[in-house]
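Colleague: The structure is given below, and queries will be raised subsequently.
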Amino acid sequence: MIGIIDYDAGNLRSVEKALVSLGEETVITRSREEILRADKVVLPGVGAFGDAMSKLRQFGLVDVIREVADSGKPFLGICLGLQLLFESSEESPGVDGLGICKGQILRIPDKEGLKIPHMGWNSLSFDHPGRLFAGIPEQSYVYFVHSYYLKAADPEIVTASTQYSVPIHASIEQGNVFACQFHPEKSSQVGLAILKNFIAL
């Protein structure tokens with residue numbers, strides 16, 4: 001059973017649909033008991049950092065997420081779900097993130113010829129061996145939609161990067177905590193292979 005955390009953020013259903021297509025039983029929930037009972041947990045999301053943290057607090061999910069991260073259970077943050085794992089974001093000054101991982105979320109700098117938000121397919125370079133990318137060729141393309149990007153404090157946790165105006169930390173692995181700035185559920189066969197690797201953990 002994979003628990004998908006429901007905090008009124010977008011994109012929950014497309015993540016659920018992708019996991020179900022891979023034969024997984026899923027539950028979209030904000031129940032502490034259901035989240036802790038799940039074998040694996042996913043924090044998807046599309047939206048603003050500050051609003052999302054406010055919702056996580058409102059629904060009593062901050063401590064549950066930290067409990068899952070501490071438990072050793074596989075945990076996957078997707079898009080905004082990656083950003084929330086870190087300490088802060090330029091999108092919402094003064095708002096603390098979950099702080100499970102160290103680093104900041106920064107706005108993608110303007111650059112001539114590039115549109116922000118960054119929407120589209122970019123290739124991945126593998127910084128370090130990551131279990132999510134087992135069997136996936138380097139320079140595979142995945143789908144991004146974001147205006148802010150991760151700069152992790154510890155480069156050792158960065159498993160994949162891409163380039164869009166600046167180098168972007170596109171995926172991290174810290175023990176049992178995994179996260180992708182891109183959307184595996186919208187990244188065709190490569191994305192499904194990444195989700196399969198998460199399921200197999």
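The values are calculated or read from the model by the stated rules, or taken from the named source; none is laboratory data. Nothing here was measured: the structure is a model prediction, and the numbers come from that model. Glycine gets a Cβ as well: all are built from the backbone with ideal geometry, and neighbour counts include every protein chain shown. Keep in mind that these areas ignore ligands, DNA and RNA; they rest on the heavy atoms of the full protein, side chains included. Shrake-Rupley method; radii C 1.70, N 1.55, O 1.52, S 1.80 Å.
Colleague: Those residues that are farther than 15 Å from LEU82 by Cβ and of a type outside the set (S, T, N, Q), I need them from the stretch 134-151; list them, please.
Modeller: Quick first cut of the stretch 134-151, residues farther than 15 Å from LEU82 by Cβ only: 134-141.
Those that are farther than 15 Å from LEU82 by Cβ and of a type outside the set (S, T, N, Q): ALA134, GLY135, ILE136, PRO137, GLU138, TYR141.
Colleague: Moving on. Are there strands (runs of 3 or more DSSP E) fully within the stretch 36-131 with at least 1 residues that are small (Gly, Ala, Ser) and at pLDDT 95 or above? List them. So that I can check it myself, show each step before the final result.
Modeller: Values: elements: 40-43, 75-78, 103-107, 118-123.
Passing ranges, in order: 75-78, 103-107, 118-123.
Colleague: Collect the residues in the stretch 151-185 that are open to solvent by less than 10 Å² (accessible area, probe 1.4 Å), over 22 Å from MET119 (Cβ atoms) and in contact with a helix residue (DSSP H, G or I) (Cβ under 8 Å, 6 or more places away or on another chain), keeping them in residue-number order.
Modeller: Within the stretch 151-185, THR159, VAL177, PHE178 qualify.
Colleague: Let me ask something additional. Can you tell me which residue in the stretch 59-73 is nearest to SER188 (Cα to Cα), limited to those that are surrounded by fewer than 16 Cβ atoms within 10 Å (Cβ to Cβ) and in contact (Cβ under 8 Å) with a residue 24 or more places away in the chain? Walk me through how you get there before you give the answer.
Modeller: First, the residues of the stretch 59-73 that are surrounded by fewer than 16 Cβ atoms within 10 Å (Cβ to Cβ): 60, 63, 66-67, 70-72.
Of the ones still in play, those that are also in contact (Cβ under 8 Å) with a residue 24 or more places away in the chain are 60, 66-67, 71-72.
Working: GLY60: 34, ARG66: 31, GLU67: 32, SER71: 31, GLY72: 29 Å.
The qualifying residue nearest to SER188 (Cα to Cα) is GLY72.
Colleague: How do the pairs read when you match residues in the stretch 91-113 that are among the charged types (D, E, K, R) with residues anywhere that are open to solvent by 90 Å² or more (accessible area, probe 1.4 Å), using Cβ under 9 Å and keeping only pairs 6 or more apart or on different chains?
Modeller: Listed pairs, sorted by first residue: GLU91/ARG107; ARG107/GLU90.
Colleague: How many residues does the stretch 186-201 contain that are touching a Leu at 6+ places or on another chain (Cβ under 7 Å) and either farther than 12 Å from GLY130 by Cα or open to solvent by less than 30 Å² (accessible area, probe 1.4 Å) (or both)?
Modeller: Taking the stretch 186-201 and keeping what is touching a Leu at 6+ places or on another chain (Cβ under 7 Å), we get 192, 194-199.
This time we only want the ones that are either farther than 12 Å from GLY130 by Cα or open to solvent by less than 30 Å² (accessible area, probe 1.4 Å) (or both), so: 192, 194-196, 198-199.
The number of residues fulfilling the criteria is 6.
Colleague: What's the number of the only condition in (1) open to solvent by 70 Å² or more (accessible area, probe 1.4 Å); (2) of a type in the set (Phe, Trp, Tyr); (3) closer than 19 Å to GLY72 by Cα that TRP121 fails to meet?
Modeller: Every condition holds for TRP121 apart from (3).
Colleague: Being open to solvent by 60 Å² or more (accessible area, probe 1.4 Å), free of Cβ contacts under 8 Å to residues at least 24 places away in the same chain and not acidic (Asp, Glu) is the filter here; which residues of the stretch 14-53 pass it?
Modeller: VAL20, GLY23
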